[in-house]
Amino acid sequence: MNNISKKFKETGSKIVFTQDWHPSDHNSFASQHPGKSPFDPINNVLGIGPVLWPDHCVQGTKGSEFHSDLNLTNAHLIIRKGYKKLIDSYSCFLENDKTTETGLDGFLKSLNIRRVFMCGLALDYCVYFSAFDGRKKKYDIYVIHDLTRGIAEESTKSAINDLQRNNVKFIQSSELMF
């Protein structure tokens, strides 16, 4: 990722990182729902779901930090997601309530950016919802497949198929021309 983000930056492209940044009592954590376990489905809770998660990326803990090998100096913007106790945020464009904007759309529009390349974790959740919301906002979305991983094989395959049906393009990092 460092090599790719450096090359994008050298061409004048803008680099945006996202970071899960949850309070310790975040409503998407299974620990906040007695009798529930991580990955249990949850329905009818606005802004949360479709599954509950193990406690992760708790604000101010080691688990919330970017990987130490990631070169943060390439970033023009870091968007923190999931910092509101009652609303999760998979997408880099919208929180899970589907109305609260993260600010990314305004940032991109202010720079007349229409083409977005995405990579990272997790293809079947955060990358999926980000790419889907990006397409809804009329961006040309490219997922750099070899720099992206899903959580589960079945949901990852389903996400790829759904995104391809919605005109999200999947490419390899070796296909990028700088």
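Let's see if you can work this out: charge +1 on each Lys and Arg Cβ, -1 on each Asp and Glu Cβ, no other charges. What is the dipole magnitude of the range 74-136 about its Cα centre, in debye to the nearest 20? Could the numbers behind the result be given before it?
On the way: 10 positive and 7 negative charges, 34 e Å.
That gives the range 74-136 a dipole magnitude of about 160 debye.
If you average 1/r across every pair of different Cα atoms in the chain and take the reciprocal, what Kirkwood value do you get, in Å? That comes to 16.9 Å for the chain. In this Cβ point-charge picture (+1 for Lys and Arg, -1 for Asp and Glu), the range 2-175 has a dipole of about 680 debye about its Cα centre.
May I ask you to compute the full-extension gain from LEU77 to VAL51, defined as 0.36 nm times their residue separation minus their alpha-carbon distance, rounded to one decimal in nm?
Working it through step by step, the gained length comes to 6.5 nm.
Pairs from the table (LYS14/LYS137; LYS136/LYS169; LYS7/LYS81; LYS98/LYS138; LYS7/LYS157; LYS14/LYS85) lying more than 22 angstrom apart at Cα are LYS7/LYS81; LYS7/LYS157; LYS14/LYS85. Label separation (ALA152 vs GLN32): 2.1 nm, computed from points 7 Å beyond Cα along the C-beta direction. Could you identify which residue out of PRO23, PRO50, PRO41 has the top mean-square fluctuation in a GNM of the chain using Cα springs shorter than 10 Å? Looking only at PRO23, PRO50, PRO41, the largest GNM fluctuation is found for PRO41.
Counting 0.36 nm for each residue step from ASP69 to PHE178 and taking away their Cα separation leaves a gain of 37.0 nm.
DSSP finds beta bridges in the chain, and of those with both partners inside it, around 15 percent are antiparallel.
When the range 1-114 is described by a simple charge dipole with +1 on each Lys and Arg Cβ and -1 on each Asp and Glu Cβ, the residue from PHE8, PRO41, LEU52 located farthest towards its positive end is PHE8. On the beta carbon distance between THR100 and THR61, with R0 = 25 Å, the FRET formula returns roughly 0.55.
No lab work stands behind these numbers, since they all come straight from the coordinates. In this text the structure is predicted, and so the values were computed from the model without any measurement. Note that each Cβ is placed from the backbone with ideal geometry, even for glycine, and that neighbours are counted across all protein chains shown.
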